[in-house]
Amino acid sequence: MRNSSYQAATIGVPLAGLTFSVVLFLGAQQMPSARFEPMGPAGFPYIISALLFLLSMLDGAIGFFGKQSGVPAEALPHIGDVGLRRMVFGGACAFAYVIVLQLSLLPFIPASVLFLAGFGLILSNNIRREMLVIGFAALMLGVGVSLLLTRVLIVVLPGA
Amino acid sequence: MAQLLTAFSEIMAFWPMFYVVLGVVLGLTVGAIPGLGAAMLIALLLPLTFYMDSVLALIFLVSIYVGSVSGGLISATLMKMPGTPSAIMTTLDGFPMAMQGKAGRALSFGIFSSFIGGSVSWIFLAVLAPPLAWFALKFGPYEYFALVLMALFLISSVSQGAMLRGLIAAAIGFAVSLVGPDLSSGTIRLTFGADQLKSGFRLLPTLLGVFVISQIIVDMADTSLPVQQATAKFKDMFLKRADFAKHWWNFLRSSLIGTWIGILPGVGSAVAAIVSYTIARNFSKTPEIFGKGAEEGIIAAESANNASVNGALIPLIALGIPGSVVDAILIGALMIHNLQPGPGLFVNQPEIAYGVIAAALVANVVMFIVMLGFSGHIAKLCAIPKSFILPAVVFFCIVGVYTTSGRIFDIWIMFGFGFVGYLMHRSGLSIGAFVLGYILAPIAEGELRNGLMLYDNSLWPLFTRPISLGFLLMALVIFLWPTLARRFRNPQPRPSAHSSGQDDDNNKPKMR
Amino acid sequence: MKLNTLKLAIAAAMAIPLATGAAAQADYPEKPVQIVVPFGPGGAGDIFARVFVNAINENNLFGQPMVVVNEPGGGTTVGSGEVKDAAPDGYTILQLHQTLITSKLMGTSDYGPEAFDPIAETHHVCMTYASKEGSGLDTLDDVRAMSAANPGSVKEASLLGSLVHFSSAMLNDAADLGVKSVNVGGGGKRNASVLGGHTQTMVTMPFVVAKPDSGFHGLAFLGAERHPALPDVPTAIELGYDVEACVNYWWFAPKGTPADRVAALADAFAKAAELESVVAAMTDRGVEIEVLTGAKLQARIDANVAAYTAVAPSIAE
């Protein structure tokens with residue numbers, strides 16, 4: 001796994017760099033010409049685009065010829081099934097929370113409490129033992145922060 | 001002097017002290033929680049200060065400011081999540097140190113550095129505010145540009161050996177920062193027709209994304225991360241005399257750098273930490289352990305960011321020019337009370353000017369006592385199970401981002417950058433380099449183009465103006481110093497590059 | 001007591017969706033109104049807005065609280081865009097000035113004031129053209145003489161494309177000053193640039209110049225009459241240049257907001273403008289209170305659109 005992620009990076013990094021370079025180049029072409037000083041709004045985008053192009057090509061070439069272009073900065077451990085499940089469900093939980101707020105499906109407080117409890121349970125190692133505590137903590141945090149913001153600091157929070 | 005003493009005696013009463021302690025504790029709390037920060041809290045409290053006595057209101061706000069910059073080191077050290085942008089550099093060495101089981105020591109270096117930085121810079125604030133502020137006005141666009149250029153050299157030092165990947169990450173950070181309004185010409189760039197990108201990728205959602213959300217993804221996926229056994233007994237929290245003997249120059253130098261960068265309007269405490277860290281690393285005898293738990297790195301970052309708080313108060317009080325985002329809001333607080341910051345403040349409302357100065361020191365001392373007193377408990381925070389910490393952190397990030405901008409879209413930006421940050425983690429692109437590019441590039445671009453306008457399209461003044469030339473030379477020295485120093489210490493000609501690599505490995509176990 | 005408030009709050013929070021369902025046709029206003037200020041907190045425009053909103057809330061002039069929401073970014077187009085696209089129900093209000101006009105002229109937005117229903121103008125402050133004290137530039141004639149002797153030697157600290165840039169361009173055109181506008185940044189940086197001698201002139205608010213020991217010298221005031229805080233600074237009109245450049249603070253509702261709701265809002269702002277505390281707070285800050293609504297307001301906005309559109313070509317050079 002570590003090796004395959006390393007290989008993915010060998011192709012992925014230069015590819016990402018090239019993508020950014022192309023996007024910058026296309027974006028810079030739409031910009032108005034310089035009117036106050038010689039560089040204009042497009043000057044730096046062109047420079048960075050060229051720089052990224054060169055660097056990515058170099059990185060790709062080094063990767064292509066099999067030399068190490070850079071070890072992953074941190075050796076991240078292998079993601080197990082549990083870890084993957086947590087990532088997917090946790091991500092979905094956070095996603096659902098923001099969607100609910102954006103579409104005003106629920107008021108802020110219940111949505112937040114549900115999110116805090118749900119996310120906590122997804123990460124819990126021992127759901128049965130921690131369930132009550134997580135639920136209580138979610139209630140306190142969700143209600144407490146919301147009231148503090150709306151009543152004391154007079155902020156308009158999202159949600160229905 | 002007499003007026004300053006009067007201000008101190010006035011602050012030592014119940015209500016002023018109440019607001020100092022409350023402010024510091026609130027500041028530490030929001031500083032330590034990723035997602036919340038001083039700028040947000042002070043902005044939210046601004047309407048409340050309408051109803052407060054003007055001196056008390058300012059004391060309160062300054063205390064929050066001091067507390068928040070110090071609080072950032074807690075989560076940076078224990079969770080690898082900078083609680084405030086100014087603690088970015090602290091994560092680089094604080095967290096590795098905590099991973100080595102030295103969380104208490106890392107915290108105590110952070111706390112002492114914060115205190116020393118705050119105290120050294122305060123002396124300048126109290127004694128030299130007007131002349132320093134006037135000197136800072138000598139800085140034109142090219143001086144800023146040269147200064148930032150110096151800081152950009154850090155990209156080579158945070159990319160952890162993989163120079164090419166570091167540069168790519170920095171260039172991508174640069175690209176990301178270009179989206180949105182171009183402040184030098186008033187046009188909007190790279191939105192590709194999406195109205196919601198008009199304000200660009202703002203600092204808070206971007207930083208929270210790449211640093212905090214990405215770390216949460218890592219923490220979620222990793223079911224095996226060992227819980228840190230942080231032994232932080234109260235007596236361990238005090239640094240030994242030997243620590244001061246060894247690091248005194250770093251403490252002092254970083255505080256001075258932080259003070260000075262704080263004075264410059266619009267540069268900010270994150271940049272102060274970046275510059276000070278670069279210099280500490282490149283002049284260190286052991287630059288290779290930076291990023292792997294170097295005490296010197298924590299000292300450099302934390303002394304400088306706290307020093308920059310008082311530094312930024314200097315132009316605020318002396319000239320009415322804000323040194324940072326928070327200071328801009330403080331000016332608003334002054335305006336609410338119909339006070340005009342500037343040279344007249346010392347003459348017309350000395351109780352305000354000296355009250356703020358006195359509060360800055362008292363808040364610094366209170367911060368030190370509170371942090372030290374509670375550091376044992378703070379260090380235990382990492383024993384709280386992830387199922388409690390991570391949901392709360394995500395929640396605070398969402399609330400913090402929304403409350404700052406009032407836009408749900410910024411939450412999506414934060415999530416997006418969280419994913420990007422995670423991919424960078426896995427592919428060996430340095431997040432540190434990305435963020436440096438992102439923070440420094442807009443200043444570099446803006447000041448360079450402003451300079452071209454001011455000096456009739458000529459780059460020449462960059463080399464003829466003494467201060468900017470000085471910075472360029474300094475950048476060169478900082479860049480070349482590690483090589484030069486190795487030559488001096490190790491006169492054998494060729495194989496030095498290779499043998500120094502081996503030295504790294506030999507050094508590691510001996511690292512304190 | 002605390003527990004009671006908590007319970008009440010929870011009950012209230014839970015009850016809101018039911019209440020809106022049952023009483024959809026209830027009288028306006030039935031919930032807090034958001035006042036979008038498209039600047040960061042603490043700036044002059046933000047403080048002025050907050051003085052009004054606080055006064056309205058404190059004196060219960062509206063029936064429901066008004067809440068200030070800062071939405072900076074995109075040169076005010078983020079906040080204005082948000083309100084433009086908001087539901088026209090009178091619960092989302094924009095506070096903005098001529099920047100709404102200039103951002104359309106600069107192309108940073110594709111709409112101007114015509115995309116909103118104006119509610120009221122409550123206050124305005126006219127600009128001051130200033131130099132550094134003791135710099136030898138004591139009058140507009142000095143400025144013109146210096147740039148004539150050495151073209152391009154007088155530079156004005158500006159934020160290109162923004163309202164201050166337009167204001168100085170108006171004066172520059174009318175008085176033929178030959179000054180070159182260079183980008184410096186926000187208000188604080190512009191002050192620093194002039195004080196530091198990097199640039200020679202700037203357009204700023206009168207209280208910046210008027211505060212004691214400010215280090216600035218007013219060259220011309222761009223209002224109809226001299227500003228009370230700057231009695232020695234002549235107006236541009238006195239000097240023979242027909243230039244007026246003010247910042248007029250307008251409250252806007254999204255296009256299509258029912259007329260009775262616009263009227264209710266206008267009424268609250270007008271009442272607030274009469275309060276002694278508000279008048280004192282604003283005049284202390286060098287801001288003049290003047291309330292305009294309806295046709296008069298529309299006429300003022302139209303006049304501004306025409307004036308700024310006329311100067312736009314010289315901005316783009």
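The values are calculated or read from the model by the stated rules, or taken from the named source; none is laboratory data. Note that the structure is predicted; figures quoted are calculated from it, not measured. Virtual Cβ from ideal backbone geometry, glycine too; neighbours counted across all protein chains shown.
Among the residues of the stretch B:191-210, those identified as out of contact with any helix residue (DSSP H, G or I) (no Cβ under 7 Å at 6 or more places or on another chain) and more than 8 Å from every other protein chain (Cβ to nearest Cβ) are B:G193, B:A194, B:L197.
Of the residues that sit in the stretch A:28-58 and are touching a Pro at 6+ places or on another chain (Cβ under 6 Å) and part of a helix (DSSP H, G or I), which one is nearest to the other protein chains (Cβ to nearest Cβ)?
Here is the first cut: in the stretch A:28-58, the ones touching a Pro at 6+ places or on another chain (Cβ under 6 Å) are A:28, A:31, A:56.
From what's left, part of a helix (DSSP H, G or I): A:28, A:56.
On the way: A:A28: 8, A:S56: 7 Å.
For the stretch A:28-58, the residue satisfying everything is A:S56.
For the structure I just gave you, tell me whether B:S75 is out of contact with any Ser or Thr (no Cβ under 8 Å at 6 or more places or on another chain), within 23 Å of B:L239 (Cα to Cα) and crowded, with 24+ Cβ neighbours inside 10 Å.
Details: out of contact with any Ser or Thr (no Cβ under 8 Å at 6 or more places or on another chain): yes; within 23 Å of B:L239 (Cα to Cα): yes; crowded, with 24+ Cβ neighbours inside 10 Å: yes.
Answer is yes for this residue.
Yes or no: A:A61 modelled with pLDDT of 95 or more and more than 7 Å from chain B (Cβ to nearest Cβ)? Step through it out loud before you land on a result.
Numbers: modelled with pLDDT of 95 or more: no; more than 7 Å from chain B (Cβ to nearest Cβ): yes.
Judged against the criteria, A:A61 is not a match.
Can you find even one residue in the stretch C:50-69 that is farther than 24 Å from C:A299 by Cα, assigned by TED's automatic domain parsing to the domain that holds C:A266, in contact with a Phe, Trp or Tyr (Cβ under 8 Å, 6 or more places away or on another chain) and touching a residue at least 40 places away in the same chain (Cβ under 8 Å)? Yes, the stretch C:50-69 contains a residue that is farther than 24 Å from C:A299 by Cα, assigned by TED's automatic domain parsing to the domain that holds C:A266, in contact with a Phe, Trp or Tyr (Cβ under 8 Å, 6 or more places away or on another chain) and touching a residue at least 40 places away in the same chain (Cβ under 8 Å).
Could you count how many residues in the stretch B:405-426 are at the interface with chain A (Cβ under 10 Å from one of its Cβ atoms) and either without any contact (Cβ under 8 Å) to a residue 40 or more places away in the chain or over 22 Å from B:V218 (Cβ atoms) (or both)? I'd like the intermediate steps shown before the answer.
Just the residues of the stretch B:405-426 that are at the interface with chain A (Cβ under 10 Å from one of its Cβ atoms), to begin with: B:406-409, B:411-412, B:414-415, B:418-420, B:422-426.
Remaining after also requiring either without any contact (Cβ under 8 Å) to a residue 40 or more places away in the chain or over 22 Å from B:V218 (Cβ atoms) (or both): B:406-409, B:412, B:423, B:426.
Total meeting the criteria: 7.
Flag: C:A192 does not match the condition of being under 25 Å from B:E445 (Cβ atoms), touching a strand residue (DSSP E or B) at 6+ places or on another chain (Cβ under 6 Å) and facing another protein chain (nearest Cβ under 10 Å).
In the stretch B:174-190, the residues that are closer than 19 Å to A:F20 by Cα form Cβ pairs under 7 Å with partners that are basic (K, R) and modelled with pLDDT under 85, at six or more places apart or across chains, as follows: B:G180/B:K198; B:I188/B:K198. Checked against (1) at pLDDT 90 or above; (2) away from chain C (no Cβ under 14 Å), B:F153 meets all criteria but (1).
Rundown of residues vs (1) closer than 26 Å to B:V176 by Cα; (2) facing chain A (nearest Cβ under 10 Å), yes/no style:
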residue: B:G432; (1), (2): yes, yes
residue: B:E447; (1), (2): yes, no
residue: B:N457; (1), (2): no, yes
residue: B:F471; (1), (2): no, no
residue: B:M474; (1), (2): no, no
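Among residues of the stretch C:69-96 being more than 9 Å from chain B (Cβ to nearest Cβ) and of a type in the set (A, V, I, L, M, F, W, C), the one that is farthest from C:I47 (Cα to Cα) is C:A87. Against the test of being within 14 Å of chain C (Cβ to nearest Cβ) and either among the β-branched types (V, I, T) or under 18 Å from B:S119 (Cα atoms) (or both), the options B:V275, B:V347 yield a single qualifying residue, B:V347. Only residues that are part of a loop (DSSP other than H, G, I, E, B) and more than 13 Å from the chain's Cα centre (by Cα) were counted in the stretch C:118-130, giving 0. If you scan the stretch B:325-341, which residues turn out to be among the β-branched types (V, I, T) and more than 7 Å from chain C (Cβ to nearest Cβ)? Result: B:V325, B:V326. When restricted to residues that are of a type outside the set (F, W, Y) and facing chain B (nearest Cβ under 8 Å), the stretch A:92-116 contains 6.
For the stretch C:207-222, enumerate the residues that are out of contact with any Lys or Arg (no Cβ under 8 Å at 6 or more places or on another chain) and at pLDDT 95 or above. Write out each step before concluding.
Here is the first cut: in the stretch C:207-222, the residues out of contact with any Lys or Arg (no Cβ under 8 Å at 6 or more places or on another chain) are C:208-214, C:218-222.
C:G218, C:L219, C:A220, C:F221, C:L222 - these are the residues of the stretch C:207-222 that are out of contact with any Lys or Arg (no Cβ under 8 Å at 6 or more places or on another chain) and at pLDDT 95 or above.
Where residues in the stretch C:131-160 are within 14 Å of chain B (Cβ to nearest Cβ) and within 24 Å of the chain's Cα centre (by Cα), which of them is surrounded by the fewest Cβ atoms within 10 Å (Cβ to Cβ)? Walk me through how you get there before you give the answer.
Residues of the stretch C:131-160 within 14 Å of chain B (Cβ to nearest Cβ): C:132-135, C:147, C:150-160.
Retained after the next criterion (residues that are within 24 Å of the chain's Cα centre (by Cα)): C:156-160.
Details: C:E156: 27, C:A157: 30, C:S158: 29, C:L159: 21, C:L160: 25.
Filtering first and then ranking leaves C:L159.
Within the stretch C:226-267, being over 19 Å from the mean Cα position of the chain (by Cα) and in the same structural domain as C:A310 (by TED's automatic domain parsing) holds for C:K255, C:G256, C:T257, C:P258, C:A259, C:D260, C:R261, C:V262, C:A263, C:A264, C:D267. Within the stretch B:392-401, is there a residue that is β-branched (V, I, T) and touching an Asp or Glu at 6+ places or on another chain (Cβ under 6 Å)? Scanning the stretch B:392-401 turns up at least one residue that is β-branched (V, I, T) and touching an Asp or Glu at 6+ places or on another chain (Cβ under 6 Å). Only one entry in C:A115, C:A120, C:A86, C:A55 is more than 16 Å from C:W250 (Cα to Cα) and touching a helix residue (DSSP H, G or I) at 6+ places or on another chain (Cβ under 7 Å), namely C:A55. Quick check, is C:G178 among the small types (G, A, S) and either part of a strand (DSSP E or B) or within 30 Å of C:A281 (Cβ to Cβ) (or both)? Spelling it out, it is not the case that C:G178 is among the small types (G, A, S) and either part of a strand (DSSP E or B) or within 30 Å of C:A281 (Cβ to Cβ) (or both).
Being more than 25 Å from B:Y277 (Cα to Cα), at pLDDT 90 or above, part of a helix (DSSP H, G or I) and out of contact with any Gly (no Cβ under 7 Å at 6 or more places or on another chain) holds for only one residue in B:L22, B:L4, and it is B:L22.
Under 30 Å from C:G79 (Cβ atoms), in a strand (DSSP E or B) and in contact with a strand residue (DSSP E or B) (Cβ under 7 Å, 6 or more places away or on another chain) - does that describe any residue in the stretch B:187-206? Steps first, please.
Kept after step one, since they are under 30 Å from C:G79 (Cβ atoms), are these residues of the stretch B:187-206: B:187-206.
When the remaining residues are screened for being in a strand (DSSP E or B), the result is B:187-189.
Next cut, in contact with a strand residue (DSSP E or B) (Cβ under 7 Å, 6 or more places away or on another chain) only: B:188-189.
Looking for residues that are under 30 Å from C:G79 (Cβ atoms), in a strand (DSSP E or B) and in contact with a strand residue (DSSP E or B) (Cβ under 7 Å, 6 or more places away or on another chain), one finds at least one in the stretch B:187-206, hence yes.
Scanning for something among the small types (G, A, S), under 14 Å from the mean Cα position of the chain (by Cα) and part of a helix (DSSP H, G or I), does the stretch C:45-60 turn up at least one residue? The answer is yes; a qualifying residue exists.
A:A16 - would you say it is more than 7 Å from chain B (Cβ to nearest Cβ), in a helix (DSSP H, G or I) and in contact with a strand residue (DSSP E or B) (Cβ under 9 Å, 6 or more places away or on another chain)?
On the way: more than 7 Å from chain B (Cβ to nearest Cβ): yes; in a helix (DSSP H, G or I): yes; in contact with a strand residue (DSSP E or B) (Cβ under 9 Å, 6 or more places away or on another chain): no.
When the stated conditions are applied, A:A16 does not pass them.
Candidates in the stretch C:271-284 are the residues that are more than 17 Å from the chain's Cα centre (by Cα) and under 25 Å from C:P29 (Cα atoms); of these, the one that is surrounded by the most Cβ atoms within 10 Å (Cβ to Cβ) is C:A272.
Could you pull out the residue among B:F124, B:F109 that is surrounded by fewer than 24 Cβ atoms within 10 Å (Cβ to Cβ), at pLDDT 90 or above and on the phi < 0 side of the Ramachandran plot? Write out each step before concluding.
Numbers: B:F109 fails: surrounded by fewer than 24 Cβ atoms within 10 Å (Cβ to Cβ).
One residue alone meets the criteria, B:F124.
With the condition kept exactly as written, say whether any residue in the stretch C:110-117 is part of a strand (DSSP E or B), more than 7 Å from chain B (Cβ to nearest Cβ) and closer than 20 Å to C:A270 by Cα. For the stretch C:110-117, residues part of a strand (DSSP E or B), more than 7 Å from chain B (Cβ to nearest Cβ) and closer than 20 Å to C:A270 by Cα: present.
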